[in-house]
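Below is one structure, written out as structure tokens; comments come after it.
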Amino acid sequence: MNDLQNAFNQNIQALLVNTKASKIAVAVSGGADSLALLLLCQSWAKENNVTITALTVDHQLRKESLAEAEHVATICNERNITHHILPWHKEVATSSMHDSARKARYDLLTQYCVDNDIDTILTAHHADDEIENFFIRLSKASGLVGLTSSEVNYYNNIRILRPLSNVCKQQLEHEVSLYQLTPCEDPSNQDPKYQRSNIRKWIASMPVELDPDLFKSRILQSLNHLKKSADDLKKLFVKELAERVIISRDATAIYDFDPHSNEIETLILTHLLTMVSGANNMPRAES
């Protein structure tokens, strides 16, 4: 067992602690990250008597998308992994197509799991994504909790796990090369109209004198410190929510809010606004 497989096994076991998962879905786009996740997950699943199903969402936004999904299907077939392509039948183009596609992806993935009695999905979110997310959120003046990402999330009552959040992209690319698999390349990853692409390019173009690897390592260390503080804040948030908020049967909430208060009270307000409005995303701090 190589170091990456060992790290993955430890991560997934920690994320699944005190839970039983006999069936797991793996989101596989065809990129190096998700192919590595699939390979690592298959090895772990065989040892732990877990059935895995690979799911690929075809957003149908590029002419190559179906061929890429079928490429994943071929890889899965060669490795005896059950695979399904989930097409997105978009109704109308919007100005925020990127956000719409992301929502559709999670809608389709989780609905498949609901329909097939699967309660857990693995995604290939990795350490480089963590760094990019940090700078995106920093540019939006996010608070302490907003600056960090969680390895465990829920969508449509399905648990979504990120067992690669402490693994660098380069390690995943190397893993895929060992199996001589050809990953798909999404050109939108290099599109300058997306903020994430520009942040990725900025980090990649960092002069060698600044030691880009050391820079990323220290950002990840800082993020770990932030996560610990954010976890403590979330515990206080839950306590405050239980003690100071009254939620009625008609889905209204009563909370004595001070607009000049601390971050816990701001968290409670955004949580309540999201709940009462039925929105998918929390409102931004400015609004």
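The values are calculated or read from the model by the stated rules, or taken from the named source; none is laboratory data. Just so we're clear, the structure is a prediction, and the values are computed from it rather than from any experiment. All Cβ positions, even for glycine, are placed from backbone atoms using ideal geometry, and neighbour counts span all protein chains on display. In case anyone asks, the SASA skips ligands and DNA or RNA and just uses the protein heavy atoms, side chains included. Shrake-Rupley method; radii C 1.70, N 1.55, O 1.52, S 1.80 Å.
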Next item on the list: From largest accessible area down, sort H174, H126; use a 1.4 Å probe on the protein chains.
Entry: H174, H126
Item checked: Mean Cα-pair separation over length for the range 114-245, i.e. relative contact order, pairs under 8 Å, 6 or more apart, % -> 30
Notebook entry, point to check: Hey, if we sort K193, K227 by accessible area with the 1.4 Å probe, largest down, what's the order?
Noted result: K193, K227
Note to self: Let me check the size of the chain from its C-alpha atoms; what are the radius of gyration and Dmax in Å?
What the structure shows: 20.2, 60
Notebook entry, point to check: What part of the accessible area of the range 207-258, given as a whole %, is carbon or sulfur when the probe is 1.4 angstrom?
Noted result: 57
Next item on the list: Using θ = phi - 60° and the Karplus relation 6.51 cos²θ - 1.76 cosθ + 1.60, list the HN-Hα couplings for the range 199-214 in order, rounded to whole Hz, with x at every Gly or Pro.
Entry: 5, 4, 5, 4, 5, 5, 8, 4, x, 4, 5, 8, 6, x, 5, 5
Checklist line | ³J(HN,Hα) computed for each position of the range 161-172 - Karplus, 6.51 cos²θ - 1.76 cosθ + 1.60, integer Hz, glycine/proline x | finding: 10, 10, x, 10, 5, 10, 10, 7, 4, 4, 5, 5
Notebook entry, point to check: Distance in nm between label sites at N80 and E243, each 7 Å beyond Cα in the beta-carbon direction?
Noted result: 5.7
Checklist line | Solvent-accessible area per residue, Å², over the range 123-202 with all protein chains present [probe radius 1.4 Å] | finding: 54
Next item on the list: With all protein chains present, calculate the accessible area of R162 using a 1.4 Å probe and round the result to the nearest 10 Å².
Entry: 30
Margin query: Using alpha carbons only, how many angstrom separate the centre of the range 159-218 from the centre of the range 98-138?
Written below: 17
Next item on the list: Select from the range 127-180 those trypsin sites (Lys or Arg not before Pro) which occupy a DSSP coil region and have at most 14 other Cβ atoms within 10 Å, ordered by residue number.
Entry: K140
Next item on the list: Take M206, M275 and sort them by solvent-accessible surface of the protein heavy atoms, 1.4 Å probe, largest at the top.
Entry: M275, M206
Item checked: Sequence-distant residues sharing a close amide H with I160 (under 5 Å, placed H) -> I121, N153, Y154, Y155
